[in-house]
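Visitor: After the structure tokens below, expect a handful of questions from me.
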Amino acid sequence: MKLTDPIYTDENKAREHLESLHWPLGPNCPHCGNADPTRITKLMGKSTRPGVYKCKECRKPFSVTVGTVMERSHIKINVWLAAMHLMTASKKGMSAHQMHRMLGITYESAWFLCHRLREAMRDDSHKATGGLGGANKVVEADESFVGGKAKNRAYRKPAPKKAVLSLIERSGHVASFHVANVTATELRPIIVKNASRASMLMTDEATVYPKIGKEFANHGTVNHSAEEYARLGGFIHINTAENFFSILKRGINGVYHQVSEAHLHRYLAEFDFRYNNRIGLGIDDTARAEKAIKGMVGKRLTYRRTNEAGHA
């Protein structure tokens, strides 16, 4: 899909495209769930903005952005779609500064927009299917640390690096998590909740994994400290996880430069989404962007109110 497509330049075309993705069978009310076309009216008054409907069941007006990350945003819908295309098509991501220069919006608006798009990319569907892997499948588990290097700083020290655990099903999907500490107590609940215990677990020689590995169908390890990276004819390895970390670190270091601990989970969701919807699985840029757009529903984020914890 080209950025010259009308859905990226014309707000009405963008709204129609969004409606076709979110409402393939016609509009439905996000307030009460009513989908009866005879009980939904499109408002056509001169003072009514385009794309507003009214539900005759709950008597509330709504548009296609209600209940999504775009709700009540003053950023035009075509700008949202263009930003989503840029983020999903860029293998290592795109910074908010780059977004604000390319899309003609302020940096603050670009930052706001990018974090909400990352939230739209969050996908926990693997939990509904029993976790990554399964019988006769391999799940690799590995941890790494993301953040800047002290040698790259002229004066003050960089922020402490953050630990990331990734679970990757070979030829399948990845699920990444920010962890406070790399300990068996911290890693075990994440691994057993997100990977099927019928899987064969592959890890390195870290002492946190042997006890966890006993809960899986099989547990294979490689000894990186002895420069062993694969054995049994190349079957036992965690090179898939290492490859994913190489993309993640290049994105964090080369594009975003620094990410805060408070938002790291959303950056991980972004990199996970692109990996899980890659060309190797038959998903091109257009399909990837459309899937992310569909993920906008039900994930609205708001600014922090004075009496609530932060959401963004």
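Visitor: Using the Kirkwood formula on the Cα atoms of region 211-260, what hydrodynamic radius do you get, in angstrom to one decimal?
Guide: Result for region 211-260, one decimal place: 13.2 Å.
Visitor: Rounded to the nearest 10 degrees, what's the angle between the helix 77-89 long axis and the longest principal axis of the chain, both from Cα atoms, 0 to 90?
Guide: That helix lies at roughly 20 degrees to the long axis.
Visitor: Shifting gears a bit: Debye calculation, C-alpha points only, no solvent: report log10 I(q)/I(0) for region 247-295 at q = 0.17, 0.25, 0.27, 0.28 Å⁻¹, in the same order as the q values.
Guide: -0.58, -0.96, -1.01, -1.04
Visitor: Rolling a 1.4 Å sphere over the protein heavy atoms, what is the accessible area per residue of the chain, to the nearest Å²? The partial results should precede the final answer.
Guide: Numbers: 16500 Å² over 312 residues.
On a per-residue basis, 53 Å².
Visitor: Across region 32-102, what fraction of all alpha-carbon pairs, as a whole percent, falls in each successive 5 Å bin from zero upward?
Guide: 3, 13, 19, 18, 14, 11, 9, 9, 5, 0
Visitor: Which three extents, in angstrom, do the Cα atoms of region 153-312 have along their principal axes, listed largest first?
Guide: Its Cα atoms span 54, 44, 35 Å along the three principal axes.
Visitor: Tell me which cysteines of the chain come out unpaired when the rule is another cysteine's Cβ under 4.7 Å.
Guide: Cys114
Visitor: Over its Cα atoms, what ratio of radius of gyration to 2.2 N^0.38 Å does region 34-163 give?
Guide: Normalised Cα radius of gyration, region 34-163: 1.55.
Visitor: Ordering Tyr155, Tyr107, Tyr8, Tyr229 from largest to smallest accessible area (1.4 angstrom probe), what's the sequence?
Guide: Ranked list, largest accessible area first: Tyr155, Tyr229, Tyr107, Tyr8.
Visitor: For region 1-46, state what percent of all Cα-Cα pairs lands in each successive 10 Å bin, counting from 0 Å until the bin that includes the largest distance.
Guide: Calculated over all Cα pairs of region 1-46, the distribution is 23, 42, 26, 9 percent.
Visitor: Would you work out which of Cys114, Leu201, Gly134 lies farthest towards the positive end of the dipole of the chain? Charges go on Cβ: Lys and Arg +1, Asp and Glu -1.
Guide: Most positive-ward Cα: Cys114.
Visitor: Could you work out how far the C-alpha centroid of region 80-96 sits from that of region 1-57, in angstrom?
Guide: 24 Å
Visitor: Between Lys299 and Val182, what is 0.36 nm times their sequence separation minus the Cα-Cα distance? Round to one decimal in nm.
Guide: Extending this stretch completely gives an extra 39.2 nm.
Visitor: Connecting C-alpha atoms closer than 10 Å in a GNM of the chain, tell me which of His257, His219, His173 has the biggest fluctuation.
Guide: Comparing His257, His219, His173 in the GNM, the peak value goes to His257.
Visitor: Could you work out what % of the accessible surface of region 122-219 is carbon and sulfur, using a 1.4 angstrom probe and leaving DNA, RNA and ligands out of the count?
Guide: Whole-percent figure for carbon plus sulfur exposure: 51.
Visitor: Could you count how many Lys pairs in region 13-77 have their Cα atoms under 16 Å apart, skipping same-chain pairs fewer than 8 positions apart?
Guide: 5
Visitor: Computed over the Cα atoms of the chain, what is the convex hull's projected area averaged over all directions, in nm²?
Guide: 20.5 nm²
Visitor: To check you understand DSSP bridge types, tell me what percent of the beta bridges within the chain (both residues inside) are antiparallel, rounded to 5.
Guide: Taking every DSSP beta bridge with both residues in the chain, the antiparallel ones total about 70 percent.
Visitor: Another question, if that's okay. Suppose R0 equals 22 Å; then what is the FRET efficiency for Asn239 and Lys92 from their Cβ-Cβ distance, rounded to the nearest 0.05?
Guide: Details: r = 20 Å, r/R0 = 0.89.
It comes to 0.65.
Visitor: Sticking with this one: Between region 180-225 and region 113-129, what's the alpha-carbon centroid distance in Å?
Guide: Region 180-225 and region 113-129 have Cα centres separated by 24 Å.
The values are calculated or read from the model by the stated rules, or taken from the named source; none is laboratory data. Since the structure is predicted, the reported quantities are computational estimates derived from the model, not experimental observations. Here Cβ is always computed from backbone atoms with ideal geometry, including for glycine, and neighbour counts include all displayed protein chains. Remember, those area values only see protein heavy atoms, side chains included, never the ligands or the DNA or RNA. Shrake-Rupley method; radii C 1.70, N 1.55, O 1.52, S 1.80 Å.
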